[in-house]
Structure formats: C-alpha cells, structure tokens
1. How many lysine pairs in the chain, separated by 8 or more positions in sequence or lying on different chains, have Cα atoms less than 23 Å apart?
2. Say a paramagnetic label sat at a point 7 Å from the Cα of Leu69, along Cα to Cβ; which residues of the stretch 106-131 have their backbone N under 13 Å from it?
3. Rounded to whole Å, give me the distance from the Cα center of the stretch 176-213 to that of the stretch 36-95.
4. To one decimal place, what orientation-averaged projected area in nm² is obtained for the convex hull of the Cα set of the stretch 181-223?
5. Would you mind checking the tilt of helix 44-60 against the longest principal axis of the Cα atoms of the chain, expressed as 0 to 90 degrees and rounded to 10?
6. With +1 assigned to the C-beta of every Lys and Arg and -1 to the C-beta of every Asp and Glu, and no other charges, what is the dipole magnitude of the chain about the Cα centre in debye, to the nearest 20?
7. Which percent, to the nearest 5, of DSSP beta bridges fully inside the stretch 143-266 are antiparallel?
8. For the stretch 143-266, compute Rh as the Kirkwood radius over C-alpha pairs and then the Stokes-Einstein diffusion coefficient at 10 °C and 1.306 mPa s; write the answer in µm²/s, rounded to an integer.
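Any read-out appearing in this document is the output of simple, stated calculations on the displayed coordinates, not a laboratory observation. Since the structure is predicted, the reported quantities are computational estimates derived from the model, not experimental observations. Quick reminder, even Gly has a Cβ in these numbers, built from the backbone with ideal geometry, and neighbours come from all protein chains shown.
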Amino acid sequence: MPALILDGVAIARHVYASLKPRIAALVQCGVQPGLAALQIGGNAASRLYVRNKVRACTEIGIYSEVHQLDADCTETAALTMLEQLNRNPRLHGVIVQLPLPPGFDVRRLLQSVAIEKDVDGFNWSNLGGLVDGHGGLKGLTPCTPLGVVTMLDHAGITIEGRHAVVIGRSPSVGKSMALLLINRGATVTVCHSKTPDLTAHAFRADILIAAAGRAGLVTADMIKPGAVVIDIGINRLPDGRLAGDVTFAAACERASWITPVPGGVGPMTVAMLIANTVTAAERTAGLRAPSAVV
Ligand code: GUN
C-alpha cells in the first residue's frame, strides 16, 4: 500500500485553529502578539519565506514588521536594529532571517536576539534548554523540529521507543531534531556528510528524518518497509522546481507515512513560528507559566 501523506498544510490549519482562542484571550488582556523579521540582503528565497511568515501573521491577527537592511550594511547597524526590536514592547518575537550575506557573524547576530523574544529558538539559552530536556524557564523550541514532532503527534505516530535516524547535524534543525526526539523517548542515530554507509543506518529507522539539503540523497532502498519518512530538505532543482532530500515517488512505495515537498514540513515551520510568538506573548502577559519544551 502506498504511503499515507503527512499533509503539512492541513495540520498547520489545525495548529492555527488552536491558536485563535489563545490570541483572542491575549487581545482581551490588551495584548496583540507581535513579530518582527530582520532581513539582510536580497536573497530571493528568504524574501519569499519572510512574505509567507508575514502572511501567516496577518491571517491570524498577529502584528508584524519586516526590517530590510542592505547586504552591505555594517554588522553594527544590524545589531543596533536588533537592540531596538528587543526593546520594543509591541513585539514578542524577533527573528533574523537566514542565510545572512557573507561577512556577517551569524552567531553574534542570533545571540543578540532577546532570549524571551527568540521565537526561532536559535539562542544558546533556548538550544541549551533542549539539551537540558525541559526547556529551562523560557524555553522556545526551534520551529522546524517542533513542527515535525507536532505532525507526528497529530497523525498519532508513536515516538517513544522508536528508532529515529536524523540525517543532518545543523544546530537549528538536525541536532535540535535529535534532541527533541530523545526528549520524547526515541532512540536516535544522527548521520551526516562524514557518515560511512548511510544506507545501513537509514535502513534501521522506524522514523527517518532527512535534513541534509541534498536533492535525491534518500533513495527508496534506504527506507525500511513501513518506516515514517520526514523530508525537511528544500532544494531548488536546475529546472526551477522544488524537491526535498527524498526521492518521493519511489519512497511512497516503501514508507507508511511520508511528507511531501512542498506542502510538508515547510508550512509547519511557519505555524510553529506563529505558535512560539503566541507563547512568548502569553508569557509577557502572565497568561502562561514558563513551560516545558515538547
Ligand atoms: N531560513 C531558513 N529557515 C529559517 C528559519 O526557520 N528561521 C530563520 N530565521 N531563517 C531561516
């Protein structure tokens, strides 16, 4: 039987529906959640992602601002902008859209976002909360891994006790994904570009998560029959089409569940950004106690 599709657009719709009463409760208290995005340079894909985030804010009633700086601006100008956004009480979330143009110190900029407004979850404090296993006091979880776990939960896919294999080790996606799954009771293998015999590792996965950013990396023979396959890759093919890391059509014949690209993890990442912004606003308004990471 071909794999069932984990439809990120549909699941994100459920997430937004669950956020609406929380936003209404905030508005009742005189607080409209607010999100600011800082974008540096003219990366076309980034502009599109930022537009999607702004559209999601508008549709659900979250205030949003986009601050565009030229690629040749100074790092000081970017840091000054972040300080202003950190201080602005209208804003509960602040993100620095990645990638940054060459020459910028990504770490320095990401660490300059106020911890309680770090709705991307990229600050070391928030990443450290994931290592700690309960998120610390103000833990905000990186959006893509949080979106994946939310999808699995929504579909009723058990995480605890399963063997998950994560391909990719970036701090914000691969490593955070692995930690989140460990916190949920999975046994996790992390593979990356230096892993010999990727196929042997991948084939042992009950839940296979591809986050390498290489189109066609995961072929059907790497998938254990009945595995859940989550494709986090977003790759632009030479003909302009988008593709994930997984060869989708063939993988559908092996997997029990699979995410498409586009329309899988991508919409969930945006939905989790909105959810984190609402959570951050609730904490500011005293409506929500500092809570645990998933
Ligand atoms: N660029 C690609 N994905 C992301 C993301 O989740 N957050 C930010 N800030 N930039 C990105």
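1. Summing the qualifying lysine pairs gives 11.
2. Counting only backbone N, you get 106-113.
3. Using only Cα atoms to place each centre, the spacing works out to 32 Å.
4. Values: hull surface 13.1 nm².
Average of the hull's projected areas for the stretch 181-223 equals 3.3 nm².
5. Helix 44-60 and the main axis of the chain meet at about 70 degrees.
6. Details: 26 positive and 22 negative charges, 59 e Å.
Here the size comes out at about 280 debye.
7. Around 10 percent antiparallel, to the nearest 5.
8. Details: Rh = 14.0 Å.
Reported coefficient: 113 µm²/s.
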